[in-house]
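Here the structure comes first, spelled out in structure tokens, and everything after it is commentary.
Nothing in this text is a laboratory measurement; each read-out follows from the coordinates by a stated rule. The model shown is predicted, which means the values in this text are computed figures rather than measured ones. Because the Cβ atoms are built from the backbone with ideal geometry, glycine has one as well, and the counts that use them run over all protein chains shown.
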Amino acid sequence: MNIEEQVRQAISSVLNLSPDSIRMDAKLKDDLGATSLDRYTVLMDLEEEFSLDLDDVPEQELEEGIQTVRDIVKFIDARLGEEGRKGSRS
């Protein structure tokens with residue numbers, strides 16, 4: 001499963017939607033009806049799924065920077081790249 005599929009699966013699990021109905025350009029709040037708690041839950045599920053540490057990400061950055069499904073995919077992809085660079089310095 002690629003990042004996009006895993007993000008759709010996490011969102012579908014939290015919001016009780018079909019993964020196939022979740023478009024990349026869908027706005028979490030306006031299109032999918034996600035609350036702030038739903039968004040937090042999705043991110044925590046993905047943090048665990050991808051073995052990431054998101055504790056260093058300011059809450060405001062998450063609130064402002066993650067509005068769509070595509071934003072989550074880009075965010076996770078970027079974090080995976082950062083984690084890989086951190087690991088290669090060890």
Worksheet entry | Table column - 3J(HN,Hα) (Hz), the range 69-74, Karplus curve with 6.51, -1.76, 1.60, x for Gly and Pro | 4, 4, 4, 5, 4, 4
Discussion item. Residue by residue through the range 21-26, what is 3J(HN,Hα) from phi via Karplus (6.51 cos²θ - 1.76 cosθ + 1.60, θ = phi - 60°)? Round to whole Hz and write x for glycine and proline.
Written reply: 8, 9, 7, 5, 8, 5
Discussion item. Give me, ordered by chain and number, the residues 5 or more places off residue 27 or on other chains with an amide H under 5 Å from its own placed amide H.
Written reply: 32
Worksheet, complete the sentence: Residues 77, 71, 30 in order from fewest to most other beta-carbon atoms within 10 Å are 30, 77, 71
Worksheet item: Convex hull volume of the Cα atoms in the chain, per residue, in Å³?
Response: 90
Worksheet item: Roughly how tilted is helix 3-15, in degrees to the nearest 10 and between 0 and 90, from the longest Cα axis of the chain?
Response: 50
Discussion item. List the trypsin sites (Lys or Arg not before Pro) within the chain that DSSP assigns to loop and that have no more than 16 neighbouring Cβ atoms inside 10 Å.
Written reply: 23, 29
Item to complete: Can you put 73, 57, 42 in order of Cβ neighbours within 10 angstrom, beginning with the fewest?
Response: 57, 73, 42
